[in-house]
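Participant: Structure in structure tokens, see below.
Nothing in this text is a laboratory measurement; each read-out follows from the coordinates by a stated rule. Predicted, not measured: the structure shown is a model, and the values here were computed from it. Counting neighbours? That spans all protein chains shown, and the Cβs are built from the backbone with ideal geometry, glycine included.
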Amino acid sequence: MDNINLLLVKHGRKDLDFLKANLSQNGYSVDSASGKRSMIKILEEKTIHLIILNVPSVTQEVVSLCKEIRRTAYQRPLQIVFLTSTRDPQTFEQMLDVGADDFLRKPLDPQEIQARVKAAVIRLKKQASLFEEREYFKNAVFQEEQLSSKILDQNIFLKKAFQSVAKENKELKKLKKELEKIAMYDTLSGLLNRLSLFNRIDIEIERAMRAMFPLSGIMLDIDHFKPINDNFGHQCGDMVIREIGERLRNQLRKYDYAGRYGGEEFFIILPNTNLSQAVSIGERFRREIEKSKFQCGDELIAITVSLGISQYRASESREKWIDRADKAMYKAKQLGRNRVCTE
């Protein structure tokens, strides 16, 4: 995948010219489309690897457009990057839900453009490799099935045929697990992605209601995350998110779950845990982060986190429970950050 084809969709002239010049200078093939019809025509006639879609906000038109992109490029590796001027975390979450793989924010910065596009190309190549492996094993199994039907009555070859099929099935199971892992986990933090996190929350709510066990949740937000990106670069910001994810995986109990809720926010599920126990767990993790130094290039930077905790109330919705934890986290922010608050 040496030649990467990009498509810029619904851009204003200023942004379009800036992106075209920047991306073309770095060896990318760039097309542009002013609307849905011209975009679909290009997708049908040409292999597009990356779409940069201008999205001021999440509308029904944007949802429809993303669905049309995925339908047209079905079974084809493709990355969708939203270009937006918003800074609203909730809007970012909505964009992820409707199909965005990443974001590029206005005003445009040449270095950020290259970093985001490069990251998209890395994800794209991983997608392509998995698609190729899946097709290979599908074809291999199909060929083995044909072979088995021909030599069914030839006992001398039957054992070898079955052994070959078993080997291919083992490889298919391995590939399936890899695809399931990609589908379940956030590639940057290594934690559950948003959809998998919501599924796990629903499972734990049902389990808590059935067994009459307490259930608590923690909303965790990295303090002053934007200045980290601004002062040290987005690669440093990504490193911080990876480190937080790794520390959560290492420190939580084996029956706890953590997921990336969106941006620099994480949600932690604590089964069979009441509010006071959850506060102790959150406080222990807060202190661990506070006393640590994070290596970013040649710099050692200090990070703190704010945590909001809520205990699940019988019969309330998943959204209500998360919202109470989120409000507690914002309370921690308002009180000076680097602290644990309850609802």
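Participant: Give, rounded to the nearest 20 debye, the magnitude of the charge dipole that the stretch 5-123 has about its Cα centre when Lys and Arg contribute +1 at Cβ and Asp and Glu contribute -1 at Cβ.
Facilitator: Magnitude of the dipole: close to 240 debye.
Participant: So, one more: Take the residue pairs LYS226/LYS333; LYS36/LYS126; LYS14/LYS125; LYS106/LYS333; LYS20/LYS126 and return only those whose Cα atoms are more than 20 Å apart.
Facilitator: Result: LYS36/LYS126; LYS14/LYS125; LYS106/LYS333; LYS20/LYS126 exceed 20 Å.
Participant: Multiply the residue gap between ILE122 and LYS226 by 0.36 nm, knock off their C-alpha separation, and tell me the result in nm, one decimal place.
Facilitator: Roughly 35.0 nm would be gained on extension.
Participant: Suppose R0 equals 35 Å. What FRET efficiency, 1/(1 + (r/R0)^6) with r the Cβ-Cβ distance, do ARG105 and ILE203 give to the nearest 0.05?
Facilitator: In this case the efficiency is close to 0.50.
Participant: Now for a separate question. Is the shape of the stretch 1-129 best called rounded, prolate or oblate, per the rule: a/c under 1.5 gives rounded, else a/b larger than b/c gives prolate, else oblate, with a ≥ b ≥ c the square roots of the Cα gyration tensor eigenvalues?
Facilitator: rounded
Participant: Then there is this: Calculate, for GLU44 and ARG249, the FRET efficiency according to 1/(1 + (r/R0)^6) with r their C-beta to C-beta distance and R0 51 Å; round to the nearest 0.05.
Facilitator: About 0.75, to the nearest 0.05.
Participant: Putting +1 on Lys and Arg Cβ atoms and -1 on Asp and Glu Cβ atoms, find which of ASN26, PRO56, THR84 reaches farthest to the positive end of the dipole of the stretch 5-123.
Facilitator: Checked the options; the winner is ASN26.
Participant: Is the shape of the stretch 194-342 best called rounded, prolate or oblate, per the rule: a/c under 1.5 gives rounded, else a/b larger than b/c gives prolate, else oblate, with a ≥ b ≥ c the square roots of the Cα gyration tensor eigenvalues?
Facilitator: Prolate.
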